[in-house]
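Worksheet: one structure, shown below.
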Amino acid sequence: MPDIKKFMDKSLSAVQRGAKSFNETVAPKIGKAVNDATESAGKAIADGSDKIASVGKNAKDTVMNQLDVNHDGNVDIVDIITLG
């Protein structure tokens, strides 16, 4: 029986060393990778949102410029009559 206890103690010790090593080396790298990926995704979403907003504003400005025939800043009945 003493050999089994000795083997179990060594095994437990090895598992504890492995867990400590994992916590000190691997876990921080995983955490950093997750944080970096989250930050990159956030930046990509923000950049995409800015681009969509810019395209939307440009499209609106283009339509307004086409409809505002007399260039008074308003699309009104005068513009509609002129376009007709």
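The values are calculated or read from the model by the stated rules, or taken from the named source; none is laboratory data. It should be emphasised that the depicted structure is a prediction, and the values quoted were computed from it without experimental measurement. Here the Cβ is made from the backbone with ideal geometry for all residues, glycine too, and neighbour counts use every protein chain on show.
Summary table
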| item | result |
| --- | --- |
| Helices (runs of 4 or more DSSP H) lying entirely in the chain (those with 2 or more residues that are more than 42 Å from the chain's Cα centre (by Cα) and modelled with pLDDT of 85 or more) | 2-21, 77-83 |
| Selected residue (criterion: surrounded by the most Cβ atoms within 10 Å (Cβ to Cβ)) from residues of region 23-69 that are under 30 Å from Leu83 (Cβ atoms) and charged (D, E, K, R) | Asp68 |
